[in-house]
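Structure, as structure tokens:
The values are calculated or read from the model by the stated rules, or taken from the named source; none is laboratory data. This structure is a prediction, so every number in the text was calculated from the model and none was measured. Here the Cβ positions follow ideal geometry from the backbone for every residue, glycine too, while neighbour counts run over all protein chains shown.
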Amino acid sequence: MTDASAMEATNPFFESWDTPFGLPPFHLILPGHFPPAFERALAEHRAEVEAIETNAEEPSFANTIHALEESGKALNRVNSVFWNLVGAHTNDALSAIERDIAPELARHDNAIYMSRALFERVDALFKEHGRLGLTQEQERVLHLTHTHFVRSGAMLVGDEKERLAAIIERLATLGTAFSQNVLADEKDYMLVLETEQDLAGLPDFLLAATAGAAETRGQSGKHVVTLSRSIIEPFLQFSTRRDLREKAFTAWTMRGQNDNANNNIGIITEMVQLRAERARLLGYKSFADFKLDDEMAKTPEAARALLETVWPRAKARADRERADLQALADLEGGAARIGPHDWRYYSEKVRRQRHDLDETELKPYLQLDHIIEASFYTASRLFGLSFNEIEDAPRYHEDIRIWEVTGRSGEHVGVFIGDYFNRPSKRSGAWMSAYRTQHKVDGSVRPIIVNVMNFAKAEGGPTLLSFDDARTLFHEFGHGLHGLLSDVTYPMVAGTSVARDFVELPSQLYEHWFMQPEILRKFAVHAETGEALPESLLKKVMAARNFNQGFQTVEYTASALVDLDYHALASADNLDPVAFEADSLARIGMPNEITMRHRSPHFTHVFSGDGYSSGYYSYLWSEVLDADGFQAFVEKRDIFDPETAQKLHDFIYSAGNSRDPVEAYMGFRGHMPAVEPLLEKRGLI
């Protein structure tokens with residue numbers, strides 16, 4: 001039997017899964033199983049779509065839209081496992097498959113959504129939608145399906161259609177290469193700390209984290225700084241070695257721009273050019289106009305207006321913060337002029353002076369297990385959920401944890417997977433994804449949701465989080481709840497499949513609960529003494545909530561503005577991304593002491609596919625909503641008010657994209673928000 005035949009004979013994707021709750025049988029899945037699984041699944045989906053396309057019956061919602069929503073089950077199963085593993089636990093074999101399959105999947109989607117015959121069926125239904133007797137959700141699905149076809153080029157003909165198909169396929173290849181290059185730079189980098197002097201200033205939790213990183217990278221007995229945010233940020237915060245801070249910071253900001261095989265500069269140039277051409281083919285003046293036409297903002301001008309409302313306030317506050325840091329540096333004689341690699345170091349010192357708050361004093365109270373418990377407790381109080389850990393289930397890495405989620409009456413809601421620790425096989429950042437999406441198109445299918453983090457794992461003791469790490473856990477769990485609580489019929493509108501500038505509302509809103517005294521009092525427990533967070537320390541935490549907010553808002557807003565600048569270009573011939581980025585930052589007066597949160601060469605939100613391209617502003621757009629949204633609970637003087645929680649469940653967390661986002665928010669809150677609550681939340685007024 002050949003290797004290929006053996007892989008086919010033992011392929012888990014060709015069998016039903018008798019695992020708990022239908023979890024993927026990770027222990028049986030090998031990289032070699034994916035190519036034949038994709039091949040068969042793609043062929044099945046093509047046949048299913050062709051049957052819809054050639055159906056001799058008059059188009060109906062059932063034989064066209066519903067049938068499209070029912071199609072592609074096998075492909076969805078292979079896709080979900082493959083792309084989740086590529087992000088969370090990849091290897092060279094999976095990376096090679098990724099490079100091959102990305103353009104093939106783009107070709108497959110092009111064939112469906114550029115099909116004239118299929119579009120004519122959808123278009124006929126769209127034109128008659130008012131007379132079809134559809135439910136509200138069916139109306140929404142029909143509208144979104146029609147929009148997807150139009151935006152995919154179904155109305156184009158001849159050379160224009162062929163060119164658009166080629167562009168979409170090429171963009172898929174480039175996005176994959178961009179992501180893999182960033183991961184390669186992150187995986188390859190190590191700053192080995194050899195001597196006691198190299199470790200100067202590092203607190204115990206960071207010594208443990210860098211020792212653990214050294215162990216996983218073959219440097220046993222040493223300490224290693226990696227480019228994982230949970231290691232490099234505290235290193236920049238605490239290391240007294242300015243030369244090492246600068247070396248590590250440079251490596252962090254130069255990901256994707258080094259003189260090696262992972263350089264992304266040429267990829268950015270080509271992607272921006274192709275995106276601009278794609279927009280022109282579809283009748284838009286820029287890619288930003290194309291992308292935002294289907295979002296809440298509707299236009300780049302609306303997104304930019306929000307950013308430019310925030311920018312001067314953030315910059316003014318950052319200027320004041322910079323003066324404070326420079327004054328301290330002058331006093332200590334540590335830097336003639338502080339640089340970006342100094343900001344976190346001196347900011348920590350100023351925070352200690354101003355608020356008597358030391359990160360090392362707070363961190364022992366933020367144990368990972370307790371923060372997970374806090375996120376579950378909040379979901380229980382708001383939505384009646386319970387989380388029961390499953391020990392005997394397949395998993396793709398020994399570190400992941402799995403819970404069954406049940407509702408108030410004990411009914412099965414879904415499965416939640418937590419993958420919390422960094423490792424070389426995982427891309428950086430934090431995200432939520434799904435191994436299975438909720439729907440009821442052919443029976444009740446419950447979701448399998450995963451949160452992926454990059455916390456530094458502590459060996460021999462509890463893993464301790466920074467305040468920002470803990471808030472990130474709540475953020476991603478908010479996304480997770482959006483997937484778990486989804487209660488719609490059609491996959492197209494399930495869970496997080498909403499407008500990009502609406503998708504961050506459930507996650508950012510959920511962050512508010514972590515920062516409530518009631519939650520911190522209950523779950524912030526000292527790792528060694530078991531004592532609850534003292535009221536004196538809690539008051540310091542609350543008082544310092546907006547400390548360094550100018551810096552944080554500037555680094556974010558600059559990234560969002562540069563993203564819009566790239567994609568406002570009508571043409572991008574001869575684009576030099578490094579010079580373009582510098583010019584964009586100079587135009588807004590970016591402080592020299594602050595860098596973008598994500599510089600262009602490693603801006604995976606924007607260049608690893610179309611996800612947040614032209615849409616990085618959406619975090620701030622959603623924050624306008626979440627700042628106002630939490631006020632609904634504040635106004636009731638109860639952060640778990642049952643009536644408000646029920647509205648939140650019905651209109652936001654369970655509704656998916658079954659209604660327009662403005663309608664959904666209005667249903668929850670009763671009005672659309674102003675920007676002032678956001679500015680107040682960030683301490684910018």
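Out of Phe630, Phe640, Phe668, one residue alone is over 30 Å from Glu169 (Cβ atoms), part of a helix (DSSP H, G or I), out of contact with any His (no Cβ under 7 Å at 6 or more places or on another chain) and outside the structural domain of Glu301 (by TED's automatic domain parsing). It is Phe668. The number of residues in segment 225-242 being of a type in the set (Ser, Thr, Tyr) and under 25 Å from the mean Cα position of the chain (by Cα) comes to 3.
A quick yes/no check of all residues on (1) among the hydrophobic types (A, V, I, L, M, F, W, C); (2) surrounded by fewer than 15 Cβ atoms within 10 Å (Cβ to Cβ); (3) assigned to a helix (DSSP H, G or I); (4) touching a residue at least 24 places away in the same chain (Cβ under 8 Å):
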{"site": "Ala74", "(1), (2), (3), (4)": "yes, no, yes, yes"}
{"site": "Leu85", "(1), (2), (3), (4)": "yes, no, yes, yes"}
{"site": "Arg99", "(1), (2), (3), (4)": "no, yes, yes, yes"}
{"site": "Leu118", "(1), (2), (3), (4)": "yes, no, yes, yes"}
{"site": "Val122", "(1), (2), (3), (4)": "yes, no, yes, yes"}
{"site": "Val141", "(1), (2), (3), (4)": "yes, no, yes, yes"}
{"site": "His146", "(1), (2), (3), (4)": "no, no, yes, yes"}
{"site": "Met155", "(1), (2), (3), (4)": "yes, no, no, yes"}
{"site": "Glu160", "(1), (2), (3), (4)": "no, yes, yes, yes"}
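Residues that are over 24 Å from Ala543 (Cα atoms) and surrounded by fewer than 21 Cβ atoms within 10 Å (Cβ to Cβ): does segment 676-684 have at least one? Taking every residue of segment 676-684 in turn, none turns out to be over 24 Å from Ala543 (Cα atoms) and surrounded by fewer than 21 Cβ atoms within 10 Å (Cβ to Cβ). Is there a residue being buried (at least 19 other Cβ atoms within 10 Å of the Cβ) and touching a residue at least 40 places away in the same chain (Cβ under 8 Å) anywhere in segment 14-22? Looking for residues that are buried (at least 19 other Cβ atoms within 10 Å of the Cβ) and touching a residue at least 40 places away in the same chain (Cβ under 8 Å), one finds none in segment 14-22, hence no.
Listed by first and then second residue, the pairs with beta-carbon distance under 8 Å, at least 6 apart or on different chains, first residue in segment 27-46 and within 21 Å of Arg107 (Cα to Cα), second among the charged types (D, E, K, R) and buried (at least 17 other Cβ atoms within 10 Å of the Cβ), are Pro36/Glu8; Ala41/Arg77. From Ser618, Ser584, grab the single residue that is of a type in the set (Ser, Thr, Tyr) and buried (at least 20 other Cβ atoms within 10 Å of the Cβ). Residue meeting the stated conditions: Ser618.
Against the numbered list (1) within 24 Å of Asp204 (Cβ to Cβ); (2) touching a residue at least 24 places away in the same chain (Cβ under 8 Å), Tyr377 comes up short only at (1). Under the condition of being under 24 Å from Thr135 (Cα atoms) and out of contact with any helix residue (DSSP H, G or I) (no Cβ under 7 Å at 6 or more places or on another chain), the residues counted in segment 655-682 number 6.
Gly478 meets the conditions (1) touching a helix residue (DSSP H, G or I) at 6+ places or on another chain (Cβ under 8 Å); (2) small (Gly, Ala, Ser); (3) in contact (Cβ under 8 Å) with a residue 60 or more places away in the chain in every case but one. The failed one is (3). Pairs are defined by a Cβ separation below 6 Å, a sequence spacing of at least 6 or placement on different chains, a first member in segment 652-680 that is modelled with pLDDT of 95 or more, and a second member that is among the β-branched types (Val, Ile, Thr); the pairs so defined are Gly656/Val488; Gly656/Val493; Asn657/Val493; Asn657/Val498; Ser658/Val488; Ser658/Val493; Phe668/Ile652. For segment 5-63, a tally of residues being assigned to a helix (DSSP H, G or I) and not acidic (Asp, Glu) returns 34. For segment 259-286, which residues satisfy the criterion of being assigned to a loop (DSSP other than H, G, I, E, B) and surrounded by fewer than 17 Cβ atoms within 10 Å (Cβ to Cβ)? Answer for segment 259-286, where residues must be assigned to a loop (DSSP other than H, G, I, E, B) and surrounded by fewer than 17 Cβ atoms within 10 Å (Cβ to Cβ): Asp259, Asn260, Ala261, Asn263, Gly283, Lys285.
Within segment 226-248, no residue that is closer than 25 Å to Ser425 by Cβ and among the acidic types (Asp, Glu) sits with its Cβ atom under 7 Å from a residue that is surrounded by fewer than 19 Cβ atoms within 10 Å (Cβ to Cβ) and modelled with pLDDT of 95 or more at 6+ positions apart or across chains.
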